[in-house]
1. From the residues in region 289-303 that are assigned to a helix (DSSP H, G or I) and within 15 Å of the ligand (Cβ to nearest atom), which one is most open to solvent (accessible area, probe 1.4 Å)?
2. Filter region 138-153 for residues that are closer than 25 Å to Tyr296 by Cα and assigned to a loop (DSSP other than H, G, I, E, B); which is farthest from the ligand (Cβ to nearest atom)?
3. What tally of residues in region 90-108 results from selecting those that are assigned to a loop (DSSP other than H, G, I, E, B) and surrounded by 17 or more Cβ atoms within 10 Å (Cβ to Cβ)?
4. When you scan region 223-270, how many residues do you find that are of a type in the set (Val, Ile, Thr) and part of a strand (DSSP E or B)?
5. Return the pairs, sorted by first residue and then second, in which the second residue is of a type in the set (Gly, Ala, Ser) and open to solvent by 20 Å² or more (accessible area, probe 1.4 Å), the first residue lies in region 194-211 and is assigned to a loop (DSSP other than H, G, I, E, B), the beta carbons are less than 8 Å apart, and the residues are 6+ apart or on different chains.
6. Select, from Ile241, Ile218, the only residue that is under 24 Å from Met191 (Cβ atoms), away from the ligand (no atom under 16 Å from the Cβ), modelled with pLDDT of 95 or more and surrounded by 15 or more Cβ atoms within 10 Å (Cβ to Cβ).
7. Anything in region 85-137 that is among the acidic types (Asp, Glu) and either in contact with a helix residue (DSSP H, G or I) (Cβ under 6 Å, 6 or more places away or on another chain) or away from the ligand (no atom under 16 Å from the Cβ) (or both)? List them, or say none.
8. Answer yes if at least one residue in region 389-398 is touching a strand residue (DSSP E or B) at 6+ places or on another chain (Cβ under 8 Å), open to solvent by 30 Å² or more (accessible area, probe 1.4 Å) and farther than 19 Å from Asn37 by Cβ, and no otherwise.
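The values are calculated or read from the model by the stated rules, or taken from the named source; none is laboratory data. Worth saying up front: this structure is predicted, and the values here are computed from it rather than measured. So basically every Cβ, Gly included, is an ideal-geometry build from the backbone, and we count neighbours across all protein chains shown. The protein model used for the area step is the full one, side chains on, heavy atoms only, and it has no ligands, DNA or RNA in it. Shrake-Rupley method; radii C 1.70, N 1.55, O 1.52, S 1.80 Å.
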Amino acid sequence: MKINKSLSMALVLVLSITSILAQKKKKQKSNYILFTNVNIFDGTSETLSNGMSVLIENNMINKVSQNIKAPRGAKVIDGQGMTLMPGLIDCHTHLMINGKGLSDIENNQTWEDLALRGGAMAELYLSEGFTTVRDMGGANGGLNRAIAEGNIDGPRVYPSAAFIGGRGGHADFGNYSSKPGQETQMQRLNMTSEVAGPNDVIMVARNNFRQGATQLKIMQTGGVASLFDPWQLDGMMVAEIKAAVEIANSYQSYVGAHSYAKKSMMLALDLGVKTLEHGFMFDEEVNNKMIEKGAYITTNMTAFSPLLADIPALNDPRNQHKLQTATAAFKNYIPNVKKLKPKRGHQTDCVGGPDACQKQIAYEKHLGAEFFGNYETLKAMTSTAGEIVALSGPVVNPWPNGKLGVIEEGAYADILIVKGNPLKDINVIGANKEWFKAPKRDGVETIKIIMKDGVIYKNTLGK
Ligand SMILES: [Zn+2]
C-alpha cells in the first residue's frame, strides 16, 4: 500500500510538472512577420491575387488577407507591389553526387570532397529559390542534420539514401574491372547499392530508412548517359520491386522508380510505385493508370534540349546508339504532357557539382516554361511538387504539420518575393535560356526575399 501511495504521489508530481511545462510553452511568445502590399501567386491559381498581406507566425503561414493588422511586436515588410509566392521545390536532385563524373567520384574523391560539395550544392539550391528538394539518390540524413544545426544553409531535403539497383543497372557505378558483389566507395557511403534478389532489397531499403531516407528510389530501367545499362533494360525483377514497395509501405512511405520504357512504367504503377522518374514514354494509358493509382511523374526537360549532345558522356560512342534509339522512342513525351496534363513535378537531376548545376538549374526552369508555359511549370515547382514530397507520409516526413508549395493559411512559411510576375516572365525566378554558355552568377537578382520555415535567408528588397 505504502509503495502504491508513493507511486501515485510521484505520478501527481510528474503530471503537475508536465502541466506547468505545457502552460509555460503556451505562454512562449510567437514571432510574427507581416508581408504587406504584395501580389500573390499561391501555387495553384493561374492568376495573381493583388494587394494582399501575409502574416507569418513562427514557421507557419497564419493569415492571408487584404488587410491584416500587425500583431504587437511584428516585423512588417513592405513588399512594394512585388509577387509573393511559394518557395520552389525540385522533385529530383542529387546533392551529394557531384564531381567530374561517376568514375571521378568512385576513384578520386573521399567523403570529405563529397560532403563539402554536397553542402555547397545545398547552399546553391537555396540561393536559386528552392526551399525544398527531394533527393533521389545519394543523400542520407546527414545533410538535413547539418542544415538543421545551422552549419550550412540549405533547403528542406527529402533524401532517398542509397539507390536500389542491380548489377549492370543504372545504379551500378563500379569500375569495369570490379567483381560482382565487390563493395564500391559509393556503396560503403550508402549512396548506392547492388542488390541481387528481394532479400537484398529488404536489407538496403530498411537501412535507407534507418539512415534518414523519407522514400526509396529504385533503378527500374537503364539510362542513356550511363555505361552498362541499355535504357530499355528491366533492371529489377517483380519480386525485387514488390519488396521495395512493401518496406516503403511499412514506413507509410512510397517508392519512386527511375523508369523509361512504357511497359516498365505500367508494371511499376501496378506494383505500387507512386512516382515515375523521367517516364519518357509517358502516354494516355500511363496517364490513366497514374490517375487510377494516385501516382505522379517528374521529368527533366534537359533530356529534350538540342544542346544535350554537348554532354561529354553522350559523346562516348558507346552511348551514341542509345541516344538515337531513345530520341526516337521519347518523341511523344512533350505533346502527350501538353495534351493530358498529368500530375507532374519539376526536376533538374543534376550530378555535376555546384558550378555546372547552377547553370542547369536555371536552364531547366527555362525549358519547363518553354515547353509547357509559365503556369504549368510554376505549378510543377510548387503545389504539385508539394503533394509529391508529402507522399512520404505522416511517419518519416520530417515536416508533416502543414503543406509545402502553396501560399495558404496553415502551410509552412516557405516564401519568395520576386520582382515581376513569374506567370508572365519566368526569368524573374532565375530562368536562363543559355545552358553551358551561361555566365556564372551569385543567386538570382530578381528574387528579393527567400524565407524558409519562417526564417529569412535573403532580403535585398531595399536594393
Ligand atoms: Zn536522377
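1. Going residue by residue through region 289-303, those that are assigned to a helix (DSSP H, G or I) are 289-293, 301-303.
Narrowing further to those that are within 15 Å of the ligand (Cβ to nearest atom): 301-303.
Details: Met301: 2, Thr302: 7, Ala303: 33 Å².
If we take residues in region 289-303 being assigned to a helix (DSSP H, G or I) and within 15 Å of the ligand (Cβ to nearest atom), then Ala303 is most open to solvent (accessible area, probe 1.4 Å).
2. Filtering region 138-153 for residues closer than 25 Å to Tyr296 by Cα gives 138-141, 144.
Imposing the further condition that a residue be assigned to a loop (DSSP other than H, G, I, E, B) reduces the set to 138-141.
Details: Gly138: 9, Ala139: 12, Asn140: 16, Gly141: 19 Å.
Result: Gly141.
3. Initially, region 90-108 is screened for residues assigned to a loop (DSSP other than H, G, I, E, B), giving 94-101.
Next, from what is left, pick out any that are surrounded by 17 or more Cβ atoms within 10 Å (Cβ to Cβ): 94-99.
Number satisfying all stated conditions: 6.
4. Filtering region 223-270 for residues of a type in the set (Val, Ile, Thr) gives 224, 238, 241, 245, 247, 255.
Going one step further and asking which of them are part of a strand (DSSP E or B), we end up with 255.
Selection size over region 223-270: 1.
5. Glu194/Gly181; Ala196/Gly181; Gly197/Ala239
6. Numbers: Ile218 fails: away from the ligand (no atom under 16 Å from the Cβ).
Of the residues listed, the single one that is under 24 Å from Met191 (Cβ atoms), away from the ligand (no atom under 16 Å from the Cβ), modelled with pLDDT of 95 or more and surrounded by 15 or more Cβ atoms within 10 Å (Cβ to Cβ) is Ile241.
7. Initially, region 85-137 is screened for residues among the acidic types (Asp, Glu), giving 90, 104, 106, 112-113, 123, 128, 135.
Hits for region 85-137 are Asp104, Glu106, Glu112, Asp113, Glu123, Glu128.
8. Yes; the residues of region 389-398 include at least one that is touching a strand residue (DSSP E or B) at 6+ places or on another chain (Cβ under 8 Å), open to solvent by 30 Å² or more (accessible area, probe 1.4 Å) and farther than 19 Å from Asn37 by Cβ.
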